[in-house]
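Working notes for the structure below.
What follows is calculated from the coordinates using simple rules that are stated; it is not laboratory data. Just so it is clear, the structure is predicted and the values come from calculations on it, not from any experiment. All Cβ positions, glycine included, derive from the backbone under ideal geometry; neighbour counts span all protein chains shown.
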Amino acid sequence: MTTVFTLQIDGRDVAGSEGQTVMEVAEENGIDIPGLCHLEGIHDRGACRLCMVEIAGTPKLAAACMTTIVEGMDVTAHSERLLEYRRAITEMMFVERNHVCAVCVANNHCELQDMAADLELTHFDLPRISPKVDIDASHRLFAIDHNRCILCLRCVRVCDEIEGAHTWDVMNRGLDTRVQTDMGIPWGDSTTCTSCGKCVQVCPTGALFEKGRAVASGSKRQRPFLPWLKVVKEERGQ
Amino acid sequence: MPVLHPKPPAPTDDKRWKIVETRMRRMGDRPSALIEALHAAQEAFGYLDTEALNFVGDTLGVPHSRVYGVATFYSFFTLKPQGEHTCVVCTGTACYINGAKEILVGLDRALHVKPKETTADGKISILTARCLGACSLAPAVIVDGDVKGKVTAAELVAQLEAM
Amino acid sequence: MSEMPSAARSIRRRVSTEEIAEQPPRASAYVCEAASCMSAQAHDITVRLGERAAEAGLTDVLIKRVGCLGLCAAGPLVEIAETAQLFERVKPDDVEGIIKALKKVKSTDTRQPQGPFFEKQLRVATENLGRIDPESLDDFVGRGGYEALKRVLSEMTSTDVREEITRSGLRGRGGAGYPTGLKWTTVAKAQGAQKYVICNADEGDPGAFMDRSVLESDPFSILEGMAIAAFAVHASEGYIYCRAEYPLAVSRLRLAIRLAQRAGFLGAGIADTSFNFDVQIRLGAGAFVCGEETALIASVEGRRGTPRPRPPYPAVQGLWDCPTLINNVETFANVGAILRKGSEWYAGIGVGKSKGTKVFALAGRIVNTGLVEVPMGMTLREIVYDIGGGLIDGRPFKAVQTGGPSGGCIPAQLLDMAVSYESLIEVGSFMGSGGLIVMDDTSCMVDVAKYFQDFCREESCGKCVPCRVGTTQLYMLLDLITRGEATLDDLAQLERLAGIVQKTALCGLGQGAPNPIFSTLRYFRDEYLAHIVDKVCPAGVCTITPAEVTA
Ligand SMILES: Cc1cc2nc3c(=O)[nH]c(=O)nc-3n(C[C@H](O)[C@H](O)[C@H](O)COP(=O)(O)O)c2cc1C
Ligand code: SF4
Ligand code: SF4
Ligand code: FES
């Protein structure tokens, strides 16, 4: 038996069951809370900070994707202040590496690009950091362009939690953080990769892509794996 | 709990692997022993090469990518062999305001090495540490394990050059 | 599952105070063998003193290795305990003089150390520092060690212990000052058969070495504090997470654990009761963020030390998802004394909601660099000038930095403030773990802010965007200012971005990273403006190349 809680999000009365996150309840009620590291079907990690919301009575902001609901909670998911923060965070993602949308395989099918559009982020004030990072095209089918990686770690999680291969993990820390395969070796040399392609499908940007597709030819349009992740999650009973 | 993965044999018959194996066994060869095992391997061999990382990962049943992720996260671990001698310059606050920056500049000028680098002849590696807790000796350095306090760039360069 | 060797269970030797006090020596020389003095070859002095005393036929003299004597700046230190005579910067040649002094000591001498450095201090957490041999359990017991644990186990319930700690008003010494009794109660009441106690000995704040000195000088008191805590929260396993940069502390802890196990103060059936508790050491590996409790737990579990959002708090869901009590070294060091002397006594020390004492590590441009413990509520001026002996070369005081990379710089006009958790936050700084770094007019405050930002950006775990990218952006802006290339717009951008990072970062590292910027802007804005508008660095630290004026 599940306990049902009632709460308010942006002034609307909504209900959810115990254990659900603010993000999930909002989604079920058609309230859009932005977020790029969140992906239904894999564990949340609260890292992109785009889903930060205000909760009445607590001084600090909370990540909606990792905050479980309680009875009577009063959540503000949209405000001037939150919009400013979300714009700044999205801008930080853009200037961290080298995102040139015009020449990206994911152009027009990129969640980061959509985020900027939704938030009406029109110009950048911050300088680019653009550390020198590589493209690894050693895999037979896929490639990764670290220039477009936002370190959401969806690829790492889906590879571990769903495929069970744990080919991907993270190396270094801080600004030097990179996703990497096996012992930091070229993807093509990985002995654990099953070439299932799940990581490519969950990648929100053009960082992971299928080889042999021309720029903007839509390699990112088809992501049939995503709906199944939701089903998996429901089957797990979460 | 049964161990699902077969334990790999030591890469070579170098006795130092025994130390690493023992340390892991004492912690039940569980994945949680990873950091302790890396410490043991680095103590034994001076640095962590792929062979060591693979061995530790396979013994503890930790995916290689995670072993690599952990080894590269912590700045105490080094994946490259160090020079014959190491010189750690403390860059904690007390050392910083007492001249650690000048020491690093001096080393670079005289020996042409920056932090995390080794001199061209492979003799001396320069490392930095975020506070050794030896603030009363600021600026402090550690040369081959010996703490030296209140050093000047000139003294340090002279000592290292004589090594 | 406990990893205690079975041998330790069977060999159990009771240590009694009488046994130690058999033959009190007429005179004793205490040689400090904590890390700072050790690196000044203090151990050679101990050996030489022993040899010379033997040669001179001084059979009623004790030469003892002790922990930190406090005045680290003047090491190696030797103290004659009976006369409180302190020998500073002792060289092998000075040994004769000490032997001579030892000959003159009368067994009836009982003098206390003189001078404001000693007289203004109040030692609770550091009461055994410089008094006992850190490698001798007998010495610890001789000073009342393990009395508290024995009493707790024989006379008190776990509720009694928690209430006593709550009444004492003790707050966490690791930085945030969370009420210790409350934390213990949360862990005790949390659901779960298995619970853990962790001692946070990661001491990452640059300029802080209090925990290190306590671990090196009085390791048993930490083990006793942890055991009492374990009893109070119903835990049977403990971990000490110690940074690898402290090898002496680690080896003394290892020894202390072995000795305590052998004497029945750790392991199964402690002090002949049914209470079981054992402790293991885990080494850090050079990541500042692992001092943050959720990152520390990840590290103990053998993973990358990245924090996770709280709640759930470790008290409810910590190590291996079990309720876990995490306290700082100094917090545990206070526990034994509170239970021996009573919560009322402890609560009687300090001001307002900041009870008891605080250990500070004095460093920077100060004469008496070293370790001090004072009642909460002492003014900064007393600490810096009376105890600390003022600034080196009598230079003008500019600021004192507290709270490490999440802290701030306190200017001269606030020297008369009484130090407490609350007052430090009020002035835009932070207690942190207790590092006090004194700066004189040779420090540029923009450069100091840049230094801390560099620290945070290097130590950022990289998990969340505001910290990973934001700290670098803040650093770039500060660099621009110190190079004399920034505009007033850049300054506005710095303040705006700092606010966003503070509000949106995942853990305390990112949330605290803008603090040094805020506090230097609050008190030293004119220095920022000098760099930006006049293109000069008033302290002469930053190398500004004046931009060429284009017509
Ligand atoms: C970035 C960061 C670093 C920290 N470093 C330490 C540390 O080195 N030692 C420590 O005891 N607490 C440190 N803390 C605080 C711990 O998270 C935790 O609050 C503390 O250990 C709890 O113990 P206490 O209640 O006894 O203070 C740190 C917190 C943050 C956010
Ligand atoms: S490669 Fe894609 S999925 Fe993986 S971390 Fe980067 S952006 Fe996320
Ligand atoms: S604030 Fe910094 S250290 Fe903390 S989780 Fe975010 S990136 Fe990691
Ligand atoms: S979606 Fe919640 S932090 Fe990224």
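Brief remarks follow.
- The order of the peptides C:151-160, B:103-112 by mean Cβ neighbours within 10 Å, most packed first, is B:103-112, C:151-160.
- Table column - 3J(HN,Hα) (Hz), region C:374-390, Karplus curve with 6.51, -1.76, 1.60, x for Gly and Pro: 9, x, 4, x, 6, 7, 4, 4, 4, 5, 6, 8, 6, 7, x, x, x
- Take the Cβ atoms of A:T192 and B:D144, set R0 to 30 Å, and the FRET efficiency comes out at 0.15.
- Put the Cα centre of region C:463-532 next to the Cα centre of region B:66-120 and the gap is 26 Å.
- Ranking of C:E330, A:E111, C:E88 by neighbouring Cβ atoms within 10 Å, starting from the fewest: C:E88, A:E111, C:E330.
- Shielding by other protein chains, B:136-146, mean Cβ within 10 Å: 4
- Pairs exceeding a 20 Å alpha-carbon distance, out of C:K189/C:K463; B:K101/B:K150; B:K114/C:K463; C:K183/C:K355: C:K189/C:K463; B:K114/C:K463.
- Peptides B:145-157, A:175-187, ordered by how many other C-beta atoms sit within 10 Å of their residues on average, highest first, read A:175-187, B:145-157.
- Computed over chain A, relative contact order equals 19 percent, with contacts defined as Cα pairs under 8 Å that lie 6+ residues apart.
- Comparing Cα centroids, region C:381-401 and region A:45-77 end up 45 angstrom apart.
- Under-5 Å amide H pairs with C:F360, H placed in peptide plane, nonlocal only: C:V372, C:E373, C:V374
- Projecting the Cα atoms of C:I349, C:G302, B:G69 onto the charge dipole of the protein assembly as shown (Cβ charges, centred on the Cα centre) puts C:G302 farthest toward the positive pole.
- When each of the peptides C:419-432, C:224-237 is scored by the mean number of other C-beta atoms lying within 10 Å of its residues, the order from highest to lowest reads C:224-237, C:419-432.
- Sites listed here are trypsin sites (Lys or Arg not before Pro) in region C:95-140 whose DSSP assignment is loop and whose Cβ has at most 16 other Cβ atoms within 10 Å: C:K106, C:R111, C:K120.
- For the pair region A:79-98 / region C:189-265, the C-alpha centres are spaced 42 Å from each other.
- Nearest 10 degrees, 0 to 90: helix C:42-55 Cα axis against chain C principal axis: 30 degrees
- Efficiency of FRET from Cβ geometry, C:N276 and C:R395, R₀ 60 Å, rounded to 0.05: 0.60
- Secondary-structure-derived ellipticity at 222 nm for chain C, considering helices only, amounts to -11500 deg cm²/dmol, per-run term -39500 (n - 2.57) for DSSP H runs with n ≥ 4.
- Backbone N under 20 Å from the B:A110 label point (7 Å along Cα→Cβ), restricted to region B:50-90: B:83-90
- Within 10 Å of the Cβ of each residue in C:298-308, the mean number of Cβ atoms contributed by other protein chains is 6.
- Residue-averaged beta-carbon neighbours from other chains (10 angstrom radius) around B:94-102: 6
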